[in-house]
Number of protein chains: 2
Amino acid sequence: MEYQFASRTKKVTASEVREILKVVARPEIMSFAGGLPAPELFPVDEVSKQCQAVLEEQGPKALQYATTEGYTPLREWIANRLNTKWGTTAGIENVLIVSGSQSALDMISKLMLDDGDVVWCENPTYLAALTAFRLLGPTFETMPSDDNGVIVEGLEERILQHKPRMVYVIPTFQNPSGRTWSMERRKAFMELMTKYEIMVVEDNAYYELCFDDIEYCSLTKFDTKGLVISVGSFSKVLCPGLRVAWINANPTVIDKLVIIKQSTDLQTATLNQMVVHRFLTHNDFDARVKLICDVYGARRDAMLDELAHSLPEGCTFTRPAGGMFVWVTMPECVNSKSLLDRCLKYNVAVVPGHSFYAVEPKHNTVRLNYSNLPPEKIHFGVSKVCQAIAEEIAEAEA
Amino acid sequence: MEYQFASRTKKVTASEVREILKVVARPEIMSFAGGLPAPELFPVDEVSKQCQAVLEEQGPKALQYATTEGYTPLREWIANRLNTKWGTTAGIENVLIVSGSQSALDMISKLMLDDGDVVWCENPTYLAALTAFRLLGPTFETMPSDDNGVIVEGLEERILQHKPRMVYVIPTFQNPSGRTWSMERRKAFMELMTKYEIMVVEDNAYYELCFDDIEYCSLTKFDTKGLVISVGSFSKVLCPGLRVAWINANPTVIDKLVIIKQSTDLQTATLNQMVVHRFLTHNDFDARVKLICDVYGARRDAMLDELAHSLPEGCTFTRPAGGMFVWVTMPECVNSKSLLDRCLKYNVAVVPGHSFYAVEPKHNTVRLNYSNLPPEKIHFGVSKVCQAIAEEIAEAEA
């Protein structure tokens with residue numbers, strides 16, 4: 001049987017990162033390849049307790065169909081949290097509960113993208129966003145960026161030539177680069193988007209994971225026209241296995257997304273929403289975020305220390321103020337796929353960086369994750385990665 | 001701000017049924033409008049127990065990211081169940097876990113449908129399937145059917161003129177009509193599909209809910225070429241609020257759907273899959289199905305009795321052997337929207353049937369749900385519906 005699938009299926013292939021993760025799942029491998037939150041910080045007993053409490057208090061309601069919009073008290077909690085953090089004025093009408101932020105990106109694509117539309121993004125960027133978008137047929141153009149975020153200068157000329165359908169950005173603790181936009185850049189960027197009324201998809205999956213004393217905010221803060229569709233998640237601050245995330249946007253946008261969600265997955269699991277809400281209202285969420293940030297901050301420090309100490313000359317790395325990733329750029333002679341093979345011989349794993357590029361992939365880059373290993377292992381493992389890089393450089397130069 | 005959304009958004013509107021359900025959610029309304037499983041049959045305490053057990057046994061694994069394919073033991077359980085029921089030989093490679101069967105329909109659309117493709121379906125059919133498909137741009141053509149299912153005669157000529165991209169059918173306890181295809185029709189239909197290698201999406205959401213001693217099976221039973229993509233769900237036999245369902249298909253099809261699911265929602269909630277699996281392996285599932293069928297069967301009987309007794313002359317109704325719905329056809333002079341308004345005055349609610357039509361909606365039809373009310377209320381409520389119908393007829397004929 002020769003199957004004929006839709007033409008869009010030719011545009012997406014299995015996520016290379018997820019395929020690598022299968023390879024490196026062997027227990028002897030110390031992996032910096034994934035993007036897993038630290039499981040030892042998951043509130044297992046507390047989630048168990050909340051499951052019991054919700055089922056006792058809500059009874060069958062917790063297991064029945066519920067509204068597409070999501071559990072109202074949870075939407076309210078999220079609106080309040082965002083308002084407290086950013087000084088915005090969101091209400092429940094600004095919040096739609098979704099089944100993980102990947103699902104948010106899928107539904108936003110359906111809302112926004114026609115075949116052939118142009119999406120602007122950072123380069124590198126979150127690869128699974130690109131695949132979600134790709135199913136709906138857009139092409140990608142990239143915006144130049146540096147350690148302070150997207151470089152706004154020069155974008156207006158490009159808009160005047162061809163206005164993009166939307167932009168997709170991760171301004172805070174970016175995956176994969178670990179970079180965070182400065183406040184000035186955020187403001188200037190949003191001024192431009194506002195002037196030309198361009199929809200902005202802000203991926204804010206890591207926004208709570210701030211280790212340093214830096215100033216940052218959601219782009220919604222500077223959004224005077226309802227242009228920003230901001231995606232947040234409980235995956236990194238509670239746990240990913242419950243698949244509860246949200247979209248924060250203008251009510252007109254939310255209303256349309258509700259219709260799309262009806263067709264996409266009807267609703268997010270009722271029990272999960274109630275459990276997350278009860279967890280949030282019966283625990284000190286700020287204390288929980290602080291705990292995660294303390295642990296991850298120490299892990300980041302370990303990684304940056306080891307990189308500073310062991311990374312060969314000619315390599316550079318980012319210094320994230322939060323999130324889960326460091327981005328390493330090696331001399332152009334090094335190919336990250338070959339590096340991965342060498343790393344695996346040392347029982348360490350990294351993710352080659354080229355998958356994260358929307359266009360013009362750079363093969364001399366790797367992403368390192370630090371959230372899932374204790375500092376001493378990070379020191380040891382990163383030293384092995386650095387050794388492998390040094391050997392790759394030596395071999396390339398030989 | 002004037003938003004410009006993707007052109008596909010113009011093709012889908014808020015589900016009329018879900019909008020009606022909001023109206024009829026008032027506590028004084030006795031509703032036959034929804035499609036809710038009986039919440040008093042949800043195993044609330046048992047789910048609570050399984051949540052605890054899973055979190056104790058699996059620990060943080062139950063809350064961590066997991067594979068897109070789904071929890072292997074659950075895939076195995078489903079394959080075994082289907083094999084036992086249909087005498088098929090499915091393995092885990094034939095099963096993908098999804099977040100509710102609506103999500104299955106969404107991903108199947110992405111897999112199969114290009115803009116302008118033709119989908120054949122029954123008429124009426126499950127309206128939320130149509131909206132899921134519609135987002136990907138197909139047009140619908142319908143197959144004639146009677147009380148024994150789709151009428152196969154005449155389809156071959158149509159195939160020879162224009163082969164459809166796929167067909168979508170609900171052969172067992174159909175939503176909304178309550179009809180079930182005979183074994184002969186299933187076989188003849190699949191022979192034709194096999195001859196012309198046409199992909200068949202079988203929506204099997206209700207297949208376990210059989211009240212009578214009838215013979216039926218999944219279309220996979222007659223599938224020799226891997227053409228059937230069959231969708232099943234735990235929503236009707238366990239509870240809908242956990243959002244756990246599955247797709248059963250050829251491994252080549254499953255592999256492609258896995259890639260699409262990576263982009264669509266990454267994975268179904270880890271905890272939920274483990275809880276469903278532990279529930280299934282620590283309880284007598286057949287006994288549970290029998291309990292539900294006994295309860296729903298009695299409710300169906302109450303509805304059919306009352307309809308036989310009270311429905312005005314000139315009306316007909318289906319006699320479902322299982323599932324959750326009866327379909328009533330009234331004289332053509334009656335408009336079901338006007339009927340709904342009259343019903344609401346009597347504090348009862350029905351769903352107008354026209355939304356369920358892919359083409360040529362019939363406005364003299366209504367769907368009645370019997371799963372969510374006890375027999376005595378069904379008798380009383382249906383008598384009110386019949387009274388309203390009689391009044392509509394009288395008014396139309398006046």
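Tally Lys and Arg at +1 and Asp and Glu at -1 over the other residues with C-beta under 12 Å from the C-beta of A:Phe211: what net charge comes out?
Net charge around A:Phe211: -1.
In whole Å, how far is the Cα centre of the stretch A:157-188 from that of the stretch B:1-72?
Computed from Cα coordinates, the inter-centre distance equals 34 Å.
Mind computing the radius of gyration and Dmax over the alpha-carbon atoms of the stretch A:163-265? Å is fine for both.
Cα only, the stretch A:163-265: 14.4, 43 Å (Rg, Dmax).
Just how large is the dipole of the protein assembly as shown about the Cα centre, in debye to the nearest 20, putting +1 at every Lys and Arg Cβ and -1 at every Asp and Glu Cβ?
I would put it at about 120 debye.
Distance between Cα centroids, the stretch A:312-389 to the stretch B:285-351: provide it in whole Å.
63 Å
Plugging the Kirkwood radius over Cα pairs into Stokes-Einstein for the protein assembly as shown, at a temperature of 20 °C and a viscosity of 1.002 mPa s, what D comes out in µm²/s?
Approximately 77 µm²/s, per Stokes-Einstein.
Using the 10 angstrom Cβ neighbour count as an exposure proxy, how do A:His162, A:His309 rank, fewest first?
If I rank by nearby Cβ atoms, fewest first, I get A:His162, A:His309.
On average, how many beta carbons from a partner chain sit within 10 Å of the beta carbon of a residue in A:39-51?
5
Any chance you could tell me what percent of the C-alpha pair distances in chain B go past 32 Å?
Pairs farther apart than 32 Å: 36 percent.
Just to check I understand the Karplus step: with θ = phi - 60° and J = 6.51 cos²θ - 1.76 cosθ + 1.60, what whole-Hz values come out for the stretch A:385-398, glycine and proline as x?
Whole-Hz 3J(HN,Hα) from phi for the stretch A:385-398: 4, 5, 4, 4, 4, 4, 5, 4, 4, 4, 5, 5, 7, 5.
Over chain B, what is the relative contact order in percent, taking alpha-carbon pairs closer than 8 angstrom and at least six residues apart?
Answer for chain B is 23 percent.
If you count, for every residue in B:268-280, the Cβ atoms of partner chains within 10 Å of its Cβ, what is the mean?
Average neighbour count from other chains, rounded to a whole number: 3.
What ranking of A:Leu160, B:Leu127, A:Leu105 emerges when the number of other C-beta atoms within 10 Å of each C-beta is taken as an exposure proxy, fewest first?
Exposure proxy ranking, most exposed first: A:Leu160, B:Leu127, A:Leu105.
Dipole size in debye (nearest 20) for chain B around its Cα centre, Lys and Arg Cβ +1, Asp and Glu Cβ -1?
840 debye
Around B:Trp86, with a cut-off of 14 angstrom between Cβ atoms, what is the net charge of the other residues, counting Lys and Arg +1 and Asp and Glu -1?
+1
At q = 0.09, 0.12, 0.13, 0.18 Å⁻¹, what log₁₀ I(q)/I(0) does a Debye calculation on the Cα points of the stretch A:257-398 give, no solvent, two decimals?
Debye output, listed in q order: -0.41, -0.63, -0.70, -0.96.
Which chain A residue hugs the A-B rotation axis most tightly by its Cβ, and what is that distance in angstrom, to the nearest whole number?
Spelled out as residue then distance in Å, it is A:Cys51, 2.
What are the ³J(HN,Hα) values, in whole Hz, obtained from phi via the Karplus relation 6.51 cos²θ - 1.76 cosθ + 1.60 with θ = phi - 60°, for each residue of the stretch B:28-35 in sequence order, with x given for Gly and Pro?
These are the phi-based 3J(HN,Hα) values: 6, 8, 8, 9, 9, 7, x, x Hz.
Whole-Hz Karplus ³J(HN,Hα) for the stretch A:336-351, in order, using 6.51 cos²θ - 1.76 cosθ + 1.60 and θ = phi - 60°, x for Gly and Pro?
Going residue by residue, I get 5, 5, 5, 4, 4, 4, 5, 4, 4, 5, 8, 6, 10, 9, 10, 9 Hz, with x marking Gly and Pro.
Quick one: with label points 7 Å out along Cα→Cβ, list the inter-copy distances for B:Asn335 in nm, shortest first?
7.0
What residues qualify as long-range amide H neighbours of A:Val98, i.e. H under 5 Å apart, gap of 5 or more or another chain, H built at 1.01 Å from N?
For A:Val98, the qualifying residues are A:Ala245, A:Trp246, A:Ile247.
Excluding A:Ala104 itself, what net charge comes from residues whose Cβ is under 10 Å from its Cβ, given Lys and Arg +1 and Asp and Glu -1?
Around A:Ala104, the surrounding residues sum to -2.
Report the calculated FRET efficiency for A:His162 and A:Lys10 (r = Cβ-Cβ distance, R0 = 45 Å), to the nearest 0.05.
The pair A:His162/A:Lys10 has a calculated efficiency of 0.95.
Using modelled amide H (1.01 Å from N, peptide plane; none on Pro or chain starts), what sits under 5 Å from the amide H of B:Leu113, excluding residues fewer than 5 places away?
Counting only residues 5 or more places away or on other chains, the set is A:Ala6.
By DSSP, what percent of the beta bridges with both residues in the protein assembly as shown are antiparallel, rounded to the nearest 5?
Once the DSSP bridges in the protein assembly as shown are tallied, antiparallel ones form about 55 percent.
Label-to-label distances across copies for B:Ile151, with labels 7 Å out along Cα→Cβ, in nm, shortest first?
Values, ascending and in nm: 7.0.
Which of the GluC sites (Glu not before Pro) found in the stretch A:266-351 are loop residues per DSSP with 11 or fewer other Cβ atoms within 10 Å of their Cβ?
In loop regions of the stretch A:266-351 (DSSP not H, G, I, E or B), the sparsely surrounded GluC sites (Glu not before Pro) are A:Glu313, A:Glu332.
Kirkwood Rh over Cα pairs of the stretch A:44-281 into Stokes-Einstein at 37 °C, 0.692 mPa s: D in µm²/s?
After rounding, the answer is 179 µm²/s.
Put a label point 7 Å from Cα along the Cβ direction on A:Lys11, then list its distances to the equivalent points in the other copies in nm, shortest first.
Distances between equivalent label points, in nm: 1.5.
Arranged by the count of other C-beta atoms within 10 angstrom, fewest first, what order do B:Glu122, A:Glu197, A:Glu57, B:Glu360 take?
If I rank by nearby Cβ atoms, fewest first, I get B:Glu360, A:Glu57, A:Glu197, B:Glu122.
Give, rounded to the nearest 20 debye, the magnitude of the charge dipole that the stretch A:44-281 has about its Cα centre when Lys and Arg contribute +1 at Cβ and Asp and Glu contribute -1 at Cβ.
Dipole magnitude for the stretch A:44-281 comes out near 440 debye.
No lab work stands behind these numbers, since they all come straight from the coordinates. What you see is a predicted model; the values in this text were computed from it and never measured. For neighbour counting, all protein chains shown are included, and Cβ atoms are generated from backbone atoms with ideal geometry for every residue, glycine included.
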